[in-house]
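The values are calculated or read from the model by the stated rules, or taken from the named source; none is laboratory data. A quick note: this is a predicted structure, and the numbers were derived from the prediction, not measured. Positions of Cβ are generated from backbone atoms using ideal geometry, with glycine treated the same way; all protein chains shown enter the neighbour counts.
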Amino acid sequence: LPLFDFFIIIEYMKNPIYLSDFELIAMLALLRLRDNAYGVPIAREIEEQTKREVKLGSVYAALERLEEKGFVVSELGEPTQERGGRAKRYFRVTSQGLRLVRETQQTLIKLWRGVPELEGGRL
Amino acid sequence: MTEVGSPDPPKLATWLMEQFSPLLQNAPLAGDLVESFKDGRSSNWYCRQVFWAILIGLLNLFRRGWRRLRATPPMKEVRMSRPKLVGSLAIVLVALVTVGWWATKTFWLAAQSTHPTPMIFYGSGAMEGGRCFGCPVVSVSEVYVGDTQIKGPVPVSMHVPHYTPLAQKNKVWGAVVALVDVDASGGVAGVKLTKVDLSSSISAGLEQGVNNTLLTWKFKPATEKGKPVPATVQAQVNFFFDSL
């Protein structure tokens, strides 16, 4: 492990804020969906990208955790008949959340570099 | 994918979701499920999602409750003066020692005895088969008052003398015989030891124990022509050991 990456990890460990893999995926889905980020499209986006069935309950649980930490905000839309009179809940990534995603990306890129097994982009 | 285009999602699952939605505050999630179902998801998918939504919602509820509990401001720190602190610690120590002593006496010593409930005999021939491990066997016999034939006092409450740990350790065995004066009310007026026949000169407090215990006995008083009268009873306490 390069010394620099080691210090990055130590620096990161000092920060008590961590993202689980699913939280990171959910935040990336929000960023991809932009203004249309509510339950159904978020779950569909994650399913399409990960090729796994997603539990909507898990998506909401993760997003609520992120909202508590201030990385995501949500607001209710208008209730519609096709949803049984229930409103949509739109999520959006905050600037603080965006910064955290960037930091995570940088850290992961640094960690991926120099690993021969991961060179070339093949699985 | 089954039931594509079905107008309504499964009723039971929807009903469950409606019951839990107010508690879990996940009405938008319920709306998402309905929308997805109308979009072509199967009934199985819907039911599965409802099950997980409720389960995850409940877990989330507990997690939030726990966090709130932990976030409660701590109690104001109370600084205790040194003498007060020492006093409190002493009280706690004394309480612990007392509880420990009581527990040892009650449970540990009781566990040491192979026969926690000694056998009690009354009347002649009571000693047949009266052997018992490390515990006293009590017999009461020859009820009499002078030369008069009367209906003797009948013991109603006979505490058994304690086989002291020291006696157990020295394996003391033998018998202690005593005359017990029973008054007209059935209480014991006096005890006189008439015979102490123990295997060791170290009596380990057995006679004293017999004397004290006999004083606590209660009797149905002796009667002469239907009237209660004082009487004397001879009591014998035998101490046996398994190794005899």
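Just the residues that are hydrophobic (A, V, I, L, M, F, W, C) and more than 9 Å from chain B (Cβ to nearest Cβ), please, taken from the stretch A:66-96. Correct list: A:Leu66, A:Phe71, A:Val72, A:Val73, A:Phe91, A:Val93. Of all the numbered requirements in (1) surrounded by 15 or more Cβ atoms within 10 Å (Cβ to Cβ); (2) free of Cβ contacts under 8 Å to residues at least 60 places away in the same chain, A:Phe91 misses one, and that requirement is (2). For residues in the stretch A:15-41 being part of a loop (DSSP other than H, G, I, E, B) and not aromatic (Phe, Trp, Tyr), which is nearest to the other protein chains (Cβ to nearest Cβ)? It comes out as A:Ala37. None of A:Glu78, A:Glu48 is out of contact with any Ser or Thr (no Cβ under 6 Å at 6 or more places or on another chain), in a loop (DSSP other than H, G, I, E, B) and not β-branched (Val, Ile, Thr) except A:Glu78.
Considering A:Val54, A:Val93, the condition of being closer than 26 Å to B:Ile54 by Cβ, at pLDDT 90 or above and not basic (Lys, Arg) is satisfied by A:Val54 alone.
Within the stretch B:28-44, the residues that satisfy the criterion of being in a helix (DSSP H, G or I) and either facing chain A (nearest Cβ under 8 Å) or in contact with a helix residue (DSSP H, G or I) (Cβ under 7 Å, 6 or more places away or on another chain) (or both) are B:Pro28, B:Leu29, B:Ala30, B:Gly31, B:Asp32, B:Leu33, B:Val34, B:Glu35, B:Ser36, B:Phe37, B:Lys38.
Every condition in (1) within 12 Å of the chain's Cα centre (by Cα); (2) within 14 Å of chain B (Cβ to nearest Cβ) holds for A:Gln105 except the one numbered (2). For the stretch A:42-63, state whether one or more residues are loosely packed, with under 15 Cβ neighbours inside 10 Å, of a type in the set (D, E, K, R), within 9 Å of chain B (Cβ to nearest Cβ) and over 12 Å from the mean Cα position of the chain (by Cα). Yes - at least one qualifying residue is present in the stretch A:42-63.
Residues in the stretch B:8-27 that are at the interface with chain A (Cβ under 9 Å from one of its Cβ atoms) and surrounded by fewer than 12 Cβ atoms within 10 Å (Cβ to Cβ): none. Residues in the stretch A:94-123 that are surrounded by fewer than 10 Cβ atoms within 10 Å (Cβ to Cβ) and not aliphatic (A, V, I, L, M): 6 in all.
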